[in-house]
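To start, the structure under review is shown below, and the notes come after it.
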Amino acid sequence: MHMHKYEKIWLFFGIGSLFVFLAVLGVGAFAQGTQPPSCLTTIDPEKVDQTPPFDKPGLIKTGDNEYQLNIVASAFAYTPNQVEIPKGAKVTINVATKDVIHGFEMAGTNVNMMVEPGYVSSYTQTFDKVGEYVILCNEYCGAGHHLMTAKVKVVEQ
Ligand code: CUA
């Protein structure tokens, strides 16, 4: 079978890029551990207020410049709704909802998690810049959805 030179080049290019993309995916998934959030931490949505650490929501120091920020989401508020974090702190944010699905987004950062009843959503973020971050809800959750905000202040320590 005769194949045109350009046809061969395109065939080589097509199959070649397939292997390149598979390699990128493989290195990302297996060598660097990039994967979707696991949602493995579960919680009884009716007992969020009684379940640690959500019985005392807020910022907890867990190590040298390391913190845990536990937030309870409910229609239509975040508890606590104002937090101060020292600059440079590495913060693991855990969010649980008492009622419906909420969308926990910290504007201007990579923190953007869907909060589902029955699960704890977590994300670790380092705050290197002094400033104010608005936390909002980006999942329509009812009549007061647009009122559902909180604020994080990153301050000089
Ligand atoms: Cu909570 Cu929208």
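The values are calculated or read from the model by the stated rules, or taken from the named source; none is laboratory data. Computed from a prediction, not measured in an experiment: that's the story for all the values here. Neighbour counts run over all protein chains shown; Cβ positions are idealised from the backbone, glycine included. Quick note on the areas: whole protein, heavy atoms, side chains included, nothing else; ligands and nucleic acids left out. Shrake-Rupley method; radii C 1.70, N 1.55, O 1.52, S 1.80 Å.
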Within segment 60-106, restricting attention to residues that are in contact (Cβ under 8 Å) with a residue 40 or more places away in the chain and aromatic (Phe, Trp, Tyr), which residue is nearest to the ligand (Cβ to nearest atom)?
Phe76
Taking Gly142 and the conditions (1) free of Cβ contacts under 8 Å to residues at least 60 places away in the same chain; (2) outside any strand (DSSP E or B), which numbered condition does it fall short on, given that it satisfies the others?
(1)
When residues of segment 41-97 are limited to those that are in a loop (DSSP other than H, G, I, E, B) and among the hydroxyl-bearing types (Ser, Thr, Tyr), the one modelled with the highest pLDDT
Thr51
Check on Val100, modelled with pLDDT of 95 or more, open to solvent by less than 40 Å² (accessible area, probe 1.4 Å) and within 27 Å of Pro36 (Cβ to Cβ):
no
Those residues of segment 107-120 which are within 13 Å of the ligand (Cβ to nearest atom) and touching a residue at least 40 places away in the same chain (Cβ under 8 Å), in sequence order:
Met113, Val115, Glu116, Pro117
Give just the number: which of (1) in contact with a strand residue (DSSP E or B) (Cβ under 8 Å, 6 or more places away or on another chain); (2) open to solvent by 50 Å² or more (accessible area, probe 1.4 Å) does Asp64 not satisfy?
(1)
Taking segment 104-152 on its own, how many of its residues are surrounded by 13 or more Cβ atoms within 10 Å (Cβ to Cβ), farther than 13 Å from Phe76 by Cβ and among the charged types (D, E, K, R)?
3
Of the conditions (1) open to solvent by 60 Å² or more (accessible area, probe 1.4 Å); (2) assigned to a loop (DSSP other than H, G, I, E, B), Val24 clears all except one; give me its number.
(2)
